[in-house]
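These notes are about the structure you will find just below.
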Protein chains: 2
Amino acid sequence: MRIALLGGTGDIGEGLALRWAHDTDHDVIIGSRDPEKARAKAEEYAAELDSRGSETKLTGFANEMAADRAEIVVLAVPPYHVADTVEAVADKLDEGDILISPATGMKRDDSGFHYHRPGAGSVTQLAVDAAPEAVPVVGAFHNLAAGRLANLDADLGIDTLVVADDDAAKSTVSTLAEEIEGLRALDAGSIANAAEVESVTPLLINVTMNNSGLHDLGIRFD
Amino acid sequence: MRIALLGGTGDIGEGLALRWAHDTDHDVIIGSRDPEKARAKAEEYAAELDSRGSETKLTGFANEMAADRAEIVVLAVPPYHVADTVEAVADKLDEGDILISPATGMKRDDSGFHYHRPGAGSVTQLAVDAAPEAVPVVGAFHNLAAGRLANLDADLGIDTLVVADDDAAKSTVSTLAEEIEGLRALDAGSIANAAEVESVTPLLINVTMNNSGLHDLGIRFD
């Protein structure tokens, strides 16, 4: 499949790009508002993979072009850019394409990080609200430590939670997730359950901050 | 130490009572609004432990008497009874005693379970607001599957997240948690971080409901 990572120059985008390019045969397309930056990052990731003897199909384009070329479009952008990113690429999305929302809203105070729930109910729901009706949205990859994902020497052995209202799209994304070595996809139900999934991200940061020796944490359901 | 489990006749109370009685030398006191029920449950738990050759110190009393006898008082009651339970036992609590809040608020809809955040910010904060000033509250044991905890044949191998504003109390409770075999206590920061901890409970239920073959789930941070 062709997977576009909009905002693929950022940290979670980098991790997903490297893992999919390394572990699968899918075409990985880096998207950015700045096409030059997208191309530069695609080259940087390709060089990293090349140094590991991994043959890759990594390209970089403006977000609109990246979305146009892909069947799977990951919104690897900050939560406050999810809606405008979807709107910017909406007319490049075809029926059968799938949007993936990995972003979560957080605010920080003196105690740590807290889930900042959007009025819509979740960031994933924001993506749903902005998406064309024929394009299902799947929430996934919310709770992955970007640094660990981008470090191909790091074992994962962790879970990602998947939420969607479209069962076929959920199944496709779960398969894509499990093609990443060491990642297990668990079904957390429908989009209405996204807030509980997204709020694990600030929790992971709080646990990392308060326990010496723990870094780049993920969760595992056992 | 003497540990009172108020509402210790309920499922999470039963699990904690059995584990502490089995794995440690602490005195475990079952509390209930109905002292007869507390005594009957204490006998039932003692018989279960006796059948495993475990010598136990398990007694049952009305909540007020149970709290009076203990240094550690666990509010193993539904979230809507947390505040009134604290108020009912408040004048039995001494300086140096510690309250533990494991409850979480949930509501259910067609999609699954959702975190029902109290106006105070968290159920743990409700306990803080109701507690005498000299008695610290520690949030812990929120995300444990009661059935697995109460089944002494089940291995745990999972984590519990601990939140508190009083470092000494947090440390005492973390030690008590880790005296349960297979349970690791992780520091999730202050009481202000309790909502993210409590909201893992509905998530665990949603994941259990949506993935066949997974039961009595806990989480592990790796």
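The table below lists the values:
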| quantity | calculated |
| --- | --- |
| Cα-based Rg of the range B:64-163 normalised by 2.2 N^0.38 Å, two decimals | 1.16 |
| For q = 0.11, 0.16, 0.19, 0.20 Å⁻¹, Debye-computed log10 I/I(0) when each Cα of the range B:1-83 counts as one equal scatterer | -0.23, -0.48, -0.68, -0.75 |
| Nearest-0.05 FRET efficiency for A:Glu36 and B:Asp129, computed from C-beta distance (R0 35 Å) | 0.05 |
| Angstrom value of the Kirkwood radius, inverse mean 1/r, which spans all Cα pairs in the range A:124-222 | 14.3 |
| Inter-copy separations for B:Thr175, label at 7 Å along Cα-Cβ, nm, ascending | 5.4 |
| Charged-residue dipole, Cβ positions (Lys, Arg, Asp, Glu), the protein assembly as shown about Cα centre, Debye nearest 20 | 200 |
| For B:Ala40, inter-copy label distances in nm, listed shortest first [label point 7 Å out on the Cα-Cβ vector] | 7.4 |
| Structure-based [θ]222 nm, chain A - -39500 (n - 2.57) summed over DSSP H runs of at least 4, per residue, nearest 500 | -11000 deg cm²/dmol |
| Scaled radius of gyration (Cα, divided by 2.2 N^0.38 Å) that the protein assembly as shown gives | 1.07 |
| Total lysine pairs under 27 Å (Cα atoms) in the range A:2-210, excluding pairs fewer than 8 apart on one chain | 7 |
| For B:Ala120, label point 7 Å along C-beta direction: distances to other copies, nm | 3.4 |
| Equivalent ellipsoid semi-axes - Cα gyration tensor, the range B:2-210, angstrom | 24, 21, 16 |
| Selected from A:Ala88, A:Met65, A:Gly112, residue furthest toward positive end of dipole (the range A:1-122; charges at beta carbon) | A:Gly112 |
| DSSP bridge pairs, chain A: antiparallel proportion in percent, nearest 5 | 20 |
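Each reported figure results from applying straightforward, stated rules to the coordinates on display, with no laboratory input. Model, not experiment: these values are computed from the prediction. Neighbour counts run over all protein chains shown; Cβ positions are idealised from the backbone, glycine included.
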